[in-house]
Amino acid sequence: MEVQSMKASSKLMEVQKVLHMNGGNGETSYAKNSTSQNKVISMAKPIIKKSVLDMYDTSFPETITIADLGCSSGPNTLLAVSEMINIVDQRCRQLDRSSPEFQVFLNDLPGNDFNSVCQSLPAFHEKLREEKGEKFGPCFVAVVPGSFYGRLFPSNTLHFVHSSSSLHWLSRVPPGLDAKANPPWNKGKIYISKTSPPDVAKAYLTQFQRDFSLFLKSRAEEIVAGGRMVLTFLGRITANPSSEESCYLWELLAQALTDLITEGIVEEEKLDSFNAPFYAPSAEEIKSEIEKNGSFELDCLESMALDWSQDQEKDECDKLTKALGLARAIRAVSESMLQNHFGEEVMDRLYQRFGHLLVATVKGVKHINIIVSMIKRNT
Ligand SMILES: C[S@@+](CC[C@H](N)C(=O)[O-])C[C@H]1O[C@@H](n2cnc3c(N)ncnc32)[C@H](O)[C@@H]1O
């Protein structure tokens, strides 16, 4: 019994081996269900543009080195990078300068569908050639598997770092919440909830602080002085970590799991020993880590609310279609972790139930995204 429980908890500790968005191009893939994250990148474009231009106009590097961290696979993977290249290319034309070379690094965890990413590269290069002509670049693209919570690149080599919709994933489930405890610490829940003891929120905040400070420390070593970093991730506006804006969907997933326990499909102990490696920080919590780190000047920090629904512009899109679209989007990002813990055989049933709960709830679901732009100091 004890050996089994140790195996279960050590399995859970390996978040970085388990977590990946659903690969390929099928119905439940991230590629087919990432419209919402695509909108986040679009909304961040003005900030990306200002940041890229400020960097380029102050240093005119002959080779611009860009890293996109948490690139996943699908239509969003090269979206921000393409935008940055376009911005620099237009600027060069305005100034009648020759194009710099580009070195692009696409990073994600090793379980990411890098095959799909690599297969999309010939079309990416072809498009650049068609749109920008022979005098452009060249642009070199490499994939870098590994965790962004640690060093990924040599010292002082990156001019621009971008990461979208990724830093809300923690490197691990907070200590104490990743094992079977008796009595369970966060009974019947899988993230911070209104009924969680205050220590649960504290453990999540502590893990976020550890992870984000390591992220900043690593990037501070890799980014050149004057280099830039633009990050977007899920966060919250209120100071309260159990507010609905960041907990609502986890609450519904926990409810769906509870319903499967009632049906005898999932064991209660399984639910009590699972917590998500996720944290939606407030603006203050983010600022505090940037200040503590001291290597970056905060250029801007903004919050924006986005409707989770994939088809929010289509009036004719009914509530059921929207809810099922949202359930697929949540499945594309969370299935790898839930499947690892609860088993593949319950996944269809779980996300069906989750979809029905979404239909039954009257409120529209909004999520808060934080955009933060930073400049690497000279020291
Ligand atoms: C929701 S996807 C975002 C993908 C893409 N940037 C976008 O905006 O659509 C989050 C990505 O972050 C990656 N990720 C999570 N933790 C990571 C880590 N510690 N290191 C590198 N990538 C990580 C996940 O594997 C996933 O592909």
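Where only DSSP H runs of four or more residues are counted, the chain gives -15000 deg cm²/dmol as its mean residue ellipticity at 222 nm, each run worth -39500 (n - 2.57). Fully extending the segment from residue 349 to residue 129, taken as 0.36 nm per residue of separation minus the present Cα-Cα distance, adds 74.6 nm.
Dimensions of segment 183-337 along the principal axes, based on C-alpha atoms and rounded to the nearest Å, stand at 57, 48, 27, largest first.
Each Lys and Arg adds +1 at its Cβ and each Asp and Glu adds -1 at its Cβ; summed about the Cα centre, the chain shows a dipole of about 500 debye. Pairs exceeding 20 Å between alpha-carbon atoms, taken from 50/376; 39/322; 39/132; 217/287: 39/132.
Taking only the C-alpha atoms of segment 2-376, the Rg (one decimal) and the largest Cα-Cα distance, Dmax (whole number), read 21.1, 69 Å. At full extension, residue 27 and residue 209 could sit 62.0 nm farther apart than now, given 0.36 nm per residue minus the alpha carbon distance. Expressed as a whole percent, the accessible area of the chain that falls on carbon and sulfur atoms is 52 (1.4 Å probe). Here the simple spin-label model places points 7 Å from the Cα toward Cβ, and for residue 151 and residue 238 these points are separated by 4.3 nm. The stretch between residue 57 and residue 144, if pulled fully straight at 0.36 nm per residue, gains 28.5 nm over its current Cα-Cα span. Could you run the Debye sum over the Cα atoms of segment 135-242, one equal point scatterer each and no solvent, and tell me log10 of I(q)/I(0) at q = 0.10, 0.11 Å⁻¹, two decimals? Debye output, listed in q order: -0.42, -0.49. Label zone (residue 267, point 7 Å along Cα-to-C-beta; backbone nitrogen cut-off 14 Å) within segment 325-350: 341-343. Of the beta bridges in the chain, as assigned by DSSP with both residues counted there, near 45 percent are antiparallel.
Dividing the mean sequence gap of close Cα pairs (under 8 Å, 6+ apart) by how many residues the chain holds gives a relative contact order of 22 percent. Ordering 30, 41, 283 by Cα displacement along the dipole of the chain toward the positive end leaves 283 in first place; charges were set at the Cβ atoms of Lys, Arg (+1) and Asp, Glu (-1). Using R₀ = 41 Å, calculate the FRET efficiency as 1/(1 + (r/R₀)^6) where r is the Cβ-Cβ separation of residue 98 and residue 319; round to 0.05. According to the calculation, E is roughly 0.15.
What separates the Cα centres of segment 27-58 and segment 192-237 is a distance of 20 Å. Placing dummy labels 7 Å off each Cα toward the beta-carbon, the span from residue 14 to residue 292 is 3.0 nm.
The values are calculated or read from the model by the stated rules, or taken from the named source; none is laboratory data. This structure is a prediction, so every number in the text was calculated from the model and none was measured. Every residue, glycine among them, receives a Cβ derived from its backbone with ideal geometry; neighbour counts consider all protein chains shown. Surface accessibility is based on the protein's heavy atoms, side chains included, excluding ligands, DNA and RNA. Shrake-Rupley method; radii C 1.70, N 1.55, O 1.52, S 1.80 Å.
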